[in-house]
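Right, one structure below, let's go through it.
The values are calculated or read from the model by the stated rules, or taken from the named source; none is laboratory data. All values reported here derive from a predicted model rather than from experimental measurement. In this analysis, Cβ positions are derived from the backbone assuming ideal geometry, glycine residues included, and neighbour counts consider all displayed protein chains.
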Amino acid sequence: MKLRRAIDQDVPGMLALKKQLAFQVQDGQSTRGGFLLGTTAQGYREKLRDGLVWILEDTQLEGFAIVLPDASFKQSEVWQSRHAVSGDVPIDAFEAMSLGYFDQLAVRPGASRRYSAALALTAMVDLMQTGVDAMITATVVEPVVNLAAVPLVKRMGGVCIGRLDEHTPEVGDLVSDIWVVARDGYERWMTTAQGPGASWIQHLAKEATAQHL
């Protein structure tokens, strides 16, 4: 398996994987994937231009991760909808912060969980190297609960600050938890996390991002 930055030629493979993915649900919860909403070939090319996009590759494209640095995030529709988030934390508190957004994580069904985690962490390391104060991400809780990203987010001290209700053409009503991972929580996990699994994905992520510099 190889981790690398995406290029324009990856867009057809990204679209094909997006089409293949569907929630793998057990008891109303999903831990291995999900749907990716509303992204066209042009949309992915724009994310390649404005965001940080990573590919997990073997003999074919096995997965991709997309994060948006501060400038791109604050031009996005997600940021424009920030005042629709309901919760106890004032959204205005984030206005002056440098923020990144973990936009999409897609991994082919059957791919290694460890490599999936390494892909996600690689994109996050790349984002944090831009100097953001915190990373924002959203996890679906209705119509099903998507748990795929939640364990890693929590291990880094991520806090759920509210919920966002949306209506999408693809699935209708959609409700997402909005999470914030502060830089100090990320850095603490990167320096103190123990166990071979954490060390292994950290090594892959650091190696991949160092090669890109």
- Item | Hits in the stretch 1-19 - residues which are exposed (fewer than 14 other Cβ atoms within 10 Å of the Cβ) and of a type in the set (Gly, Ala, Ser) | ALA16
- Task: Would you please name the residue that is nearest to VAL53 (Cα to Cα), looking only at residues in the stretch 63-97 that are in contact (Cβ under 8 Å) with a residue 60 or more places away in the chain and among the acidic types (Asp, Glu)?
- Result: ASP70
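Does GLY185 qualify as being at pLDDT 85 or above, surrounded by 15 or more Cβ atoms within 10 Å (Cβ to Cβ) and on the phi > 0 side of the Ramachandran plot?
Answer is no for this residue.
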- Item | Failed condition for VAL78, given (1) modelled with pLDDT under 95; (2) touching a strand residue (DSSP E or B) at 6+ places or on another chain (Cβ under 7 Å); (3) of a type outside the set (S, T, N, Q); (4) more than 29 Å from ALA96 (Cα to Cα) | (4)
- Message: Pairs please, first residue from the stretch 114-139 and more than 14 Å from ILE55 (Cα to Cα) and in contact (Cβ under 8 Å) with a residue 24 or more places away in the chain, second anywhere and assigned to a strand (DSSP E or B) and of a type in the set (S, T, N, Q), Cβ atoms under 6 Å, 6+ apart in sequence or on different chains.
- Response: ALA138/SER176; THR139/ASN146
- Message: So, VAL153, is that one within 17 Å of VAL180 (Cα to Cα) and either surrounded by 22 or more Cβ atoms within 10 Å (Cβ to Cβ) or in contact with a Cys (Cβ under 9 Å, 6 or more places away or on another chain) (or both) or not?
- Response: yes
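Just to verify a result, which residue in the stretch 53-76, among those that are assigned to a strand (DSSP E or B) and more than 16 Å from the chain's Cα centre (by Cα), is farthest from MET1 (Cα to Cα)? First the steps, then the outcome.
Filtering the stretch 53-76 down to residues assigned to a strand (DSSP E or B) leaves 53-57, 61-68.
Now narrow it down to the ones that are more than 16 Å from the chain's Cα centre (by Cα): 57, 61.
Working: GLU57: 6, LEU61: 10 Å.
The residue in question is LEU61.
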- Query: If you check every pair at least six apart or on different chains, which have Cβ atoms under 7 Å apart with a residue in the stretch 144-164 that is on the phi > 0 side of the Ramachandran plot first and a residue that is surrounded by 15 or more Cβ atoms within 10 Å (Cβ to Cβ) and part of a helix (DSSP H, G or I) second?
  - Reply: GLY157/GLY185
- Task: Examine the stretch 77-97 for a residue that is assigned to a strand (DSSP E or B) and surrounded by 14 or more Cβ atoms within 10 Å (Cβ to Cβ), and state whether such a residue exists.
- Result: no
- Query: Among the listed residues THR209, THR137, THR191, which satisfies the condition of being part of a helix (DSSP H, G or I), crowded, with 21+ Cβ neighbours inside 10 Å and either on the phi > 0 side of the Ramachandran plot or of a type in the set (S, T, N, Q) (or both)?
  - Reply: THR209
- Task: State whether one or more residues within the stretch 3-14 are under 15 Å from ALA106 (Cβ atoms), touching a Gly at 6+ places or on another chain (Cβ under 6 Å) and either at pLDDT 95 or above or of a type in the set (Ser, Thr, Tyr) (or both).
- Result: no
- Note on the structure: Selection from the stretch 109-134 of residues among the charged types (D, E, K, R) and either in a helix (DSSP H, G or I) or under 13 Å from GLU62 (Cβ atoms) (or both) yields ARG113, ARG114, ASP126
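Which members of the stretch 103-134 meet the condition of being of a type outside the set (Ser, Thr, Tyr), surrounded by fewer than 16 Cβ atoms within 10 Å (Cβ to Cβ) and within 19 Å of ALA6 (Cβ to Cβ)?
GLN129
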